[in-house]
1. Could you list all residues from region 430-470 that are buried (at least 17 other Cβ atoms within 10 Å of the Cβ), modelled with pLDDT of 90 or more and closer than 18 Å to Leu40 by Cα?
2. Given the conditions (1) without any contact (Cβ under 8 Å) to a residue 12 or more places away in the chain; (2) within 22 Å of Ala313 (Cβ to Cβ); (3) acidic (Asp, Glu), report the number of the one that Asp348 does not fulfil.
3. Restricting attention to region 272-314, report how many residues are surrounded by 12 or more Cβ atoms within 10 Å (Cβ to Cβ), at pLDDT below 85 and of a type in the set (A, V, I, L, M, F, W, C).
4. Residue under question is Asp417, and the condition is that it be modelled with pLDDT of 95 or more and farther than 25 Å from Thr51 by Cα; does it hold?
5. Looking at region 362-402, which of its residues are polar (S, T, N, Q) and either surrounded by 15 or more Cβ atoms within 10 Å (Cβ to Cβ) or under 17 Å from Arg351 (Cα atoms) (or both)?
6. Looking at Leu118 and the list (1) at pLDDT 70 or above; (2) on the phi > 0 side of the Ramachandran plot, which single condition is not satisfied?
7. Could you list, in sequence order, the residues of region 411-470 that are aromatic (Phe, Trp, Tyr) and within 19 Å of Ala147 (Cβ to Cβ)?
8. Would you check if there is a residue in region 74-83 being under 27 Å from Ile334 (Cβ atoms), in the same structural domain as Phe214 (by TED's automatic domain parsing) and crowded, with 19+ Cβ neighbours inside 10 Å?
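The values are calculated or read from the model by the stated rules, or taken from the named source; none is laboratory data. Here the structure is a predicted model, which is why all the values come from computation and not from measurement. Glycine gets a Cβ as well: all are built from the backbone with ideal geometry, and neighbour counts include every protein chain shown.
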Amino acid sequence: MLRLVYFAILLLSLQAHASNNLPDLGASDLKDYDSQTETLLGKSFSTALHTQYPLVYDATLLSYIRRIGEKITGETGQNRHYSFFIIDDPSINAFAGPNGVIGIHTGLIASARSEDELASVMAHEIAHVTQRHLSRTYENQSVASTAGIASILAAILIGSQNPNAGIAAYMGSVGLTIEKQLKNSRIHESEADYFGIKYLNEAGYNPFAMGDFFNRLSKEGQLYKNSPPEILMTHPVTENRLAKARDRAEQLDSKRPLSYDALKLMQMRLKYVSQTHTTDPFEQIQLKQSHACYQRNLKTLYLPNQDINHLDAQCLEKLIEENPDERLYRQLLIEVKVTQQDVSALEDLERLMDFYPSDFAIPFLYAKSLVAFDQTDKAIELLKARTPSYHYQYMLYNTLTELYAKQKQPQFSYYYDALAQYNIGNIPRAFLLLTQLEPMITDQKSTFYLKVSQLLEETEKTLALLKEAQ
């Protein structure tokens, strides 16, 4: 995936050299500043994702992807935060952005035949981060503004524009530089395969899944020569690369059976929560009983004009008895119970929250369920108490923003909207909201005023750093 990024950075470097007013960000003798720059670039990149691209905001699906990611990152030996997002795009692709941002396209989720295959691509992208491939590319490069390069990186990584057209005019004068970048790209791809397979294996997945997945896509891509899968353009597959992946997996000597069920359930869910996967995915396929039950309830819950009498809680309860460790059945049963106005769903959620304290999807579902039972005040208190403990807080704070707005409490609605924006790196928006909020608070000795003032101060400092990087 990194190959296209090099073209963007090269183009920005050429543009930057045309201006004497642009700072040199990330020179090799400024390692501390490199780290700060990467953090700021990560904030701008995250903002671009949330404001310029269609993301999937289904908490259950997001939580599933993050669980896979956290299993892999836990084996890297590095203590750093990663952020996992789902891009609502049918192309088969994934990318590693600045500051540990990992993007997964819905097309990749839909095309994987096992969780191991999906995890293998995620492990490859995580390896790009651990080996500092993107940040190493910035060394000795002058770049444009942080927000500007973040937007261009996002456009190229997500595949919304063709970077080759943007640099065609420069080919003659910088051909040797481009060749060097391409060489580095091939080295980086090899490194990402090597370490990615290691992380994959240590996380408990099948180390052969990476080579098998790319090999299958390559063979399928030969049938569509004019439009191969996007991932094959950014991750070129060669016999040498496949052989190395196979040899690497054999060295680890720990082949495991491919995992299947959880991914298949999420693929079903994807078809109902994605804007680009809207057809019934399995209507022509004879499903096994568990999948048929899951799909039948999903269809009734998520498709318009469905008769809720078609909901089948009993089949889900039976599946839970047979699969007590699969939380996805439990979460869907809770959604069914809430729709049926069965208040026992709240007790189920209490137990789930205690059992899976790190899963942000459960308090998110709990809050939505409390609102459905006209317990908005309790939903607000739950989110206020739980949200700070999660790394990704955007959806939870957004819910608080909406709940306070419905209760006609604009001060708190502004505050939690600012926290949501701050969490995704949208510092200018957070700063604007806080400056509008501060004059609305009459009691300047209140705890709330102090919290707002503290966040405003932090936001102002970060905004100043972003402006310095312009």
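1. Result: Ala430, Phe431, Leu455, Leu456, Thr459.
2. Status for Asp348: all satisfied but (1).
3. 2
4. Details: modelled with pLDDT of 95 or more: yes; farther than 25 Å from Thr51 by Cα: no.
For Asp417, the condition - modelled with pLDDT of 95 or more and farther than 25 Å from Thr51 by Cα - is not met.
5. Step one: of region 362-402, the residues polar (S, T, N, Q) are 369, 375-376, 387, 389, 393, 398-399, 401.
Once the filter is applied, which keeps residues that are polar (S, T, N, Q) and either surrounded by 15 or more Cβ atoms within 10 Å (Cβ to Cβ) or under 17 Å from Arg351 (Cα atoms) (or both), region 362-402 yields Ser369, Gln375, Thr376, Thr387, Gln393, Asn398, Thr399, Thr401.
6. (2)
7. Quick first cut of region 411-470, residues aromatic (Phe, Trp, Tyr) only: 412, 414-416, 422, 431, 448-449.
Those that are aromatic (Phe, Trp, Tyr) and within 19 Å of Ala147 (Cβ to Cβ): Tyr422, Phe431.
8. Of all residues in region 74-83, those under 27 Å from Ile334 (Cβ atoms) come to 83.
Next, from what is left, pick out any that are in the same structural domain as Phe214 (by TED's automatic domain parsing): 83.
Retained after the next criterion (residues that are crowded, with 19+ Cβ neighbours inside 10 Å): 83.
Yes, the conditions are met somewhere in region 74-83.
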